[in-house]
1. So who's got an amide H within less than 5 Å of the one on I167, skipping anything under 5 residues away but keeping other chains? H placed 1.01 Å off N, in plane.
2. Using alpha-carbon pairs under 8 Å, 6+ residues apart, how would you state the relative contact order of the chain in percent?
3. Cβ under 9 Å from L155's Cβ, L155 left aside: what net charge do those residues give with Lys, Arg +1 and Asp, Glu -1?
4. Amide H to amide H, which residues 5 or more places from T2 or on other chains are under 5 Å from it, using H placed in the peptide plane?
5. Which net charge results for the neighbourhood of I95, defined as the other residues with beta-carbon distances under 12 angstrom from its beta-carbon, given Lys and Arg at +1 and Asp and Glu at -1?
6. For every other residue with a beta carbon closer than 12 angstrom to the beta carbon of G78, add +1 if it is Lys or Arg and -1 if Asp or Glu, then tell me the sum.
7. Can you list residues from other chains, or at least 5 along the same chain, whose modelled amide H is less than 5 Å from the amide H of I105?
Amino acid sequence: MTAVFLGMGSNIERERYIVAGLDALQGLFGELALSSVYDSEAVGFCGQPFLNLVVAIDTGLGPGELARRLRHIEIEHGRPERASRNSSRQLDIDILTYGTATGVIDGVELPRPEILENAFVLCPLAELAPEQVHPVAGRTYARLWRDYDKTAQSLRRVDFQWRGRSISRA
């Protein structure tokens with residue numbers, strides 16, 4: 001089994017689709033570890049704000065098969081098959097890291113470059129796995145977040161419940 005971190009986001013019926021995505025992931029992988037949920041502006045296009053979080057799973061699937069399963073979940077929950085990368089979406093689930101793998105494996109770039117670029121990825125990852133080391137940068141996610149320019153993107157923790165429990169508090 002490989003430890004994997006996934007980034008999840010939605011800016012269309014945000015709460016509904018984050019819950020649906022978490023339900024689908026739990027159905028496939030069992031126990032999930034979750035960061036808090038964050039409200040963030042759309043990056044790369046004009047759109048409604050997103051809800052974002054990071055999810056940790058353990059899987060025996062390889063990166064390519066995992067990416068296909070995640071894409072299937074997105075499509076099942078309303079994401080058009082040919083949606084542009086920089087567009088509004090019901091559900092977006094990306095592989096951030098796959099163990100300590102680096103490079104392009106089965107068509108998946110690892111680790112995902114957005115970890116170092118976007119607050120809505122790095123902050124929840126640093127919360128969930130502060131002492132984990134980025135496989136390319138060689139620094140912990142906590143250190144990377146401390147060094148991040150927090151004025152670059154707005155980010156705000158929000159209250160969020162899933163399956164009757166609070167997973168995030170503002």
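1. Under 5 Å from the amide H of I167 lie the amide H atoms of F160, Q161, W162, each far enough along the sequence or on another chain.
2. 28 percent
3. +1
4. T59, G60
5. Once positives and negatives cancel, what remains is -2.
6. Counting the neighbours of G78, the net charge comes to -2.
7. It is L110, by chain and number.
No value in this document is a laboratory result; all are computed from the given coordinates. What you see is a predicted model; the values in this text were computed from it and never measured. Cβ sites come from the backbone with ideal geometry, for glycine too, and all protein chains shown count toward neighbours.
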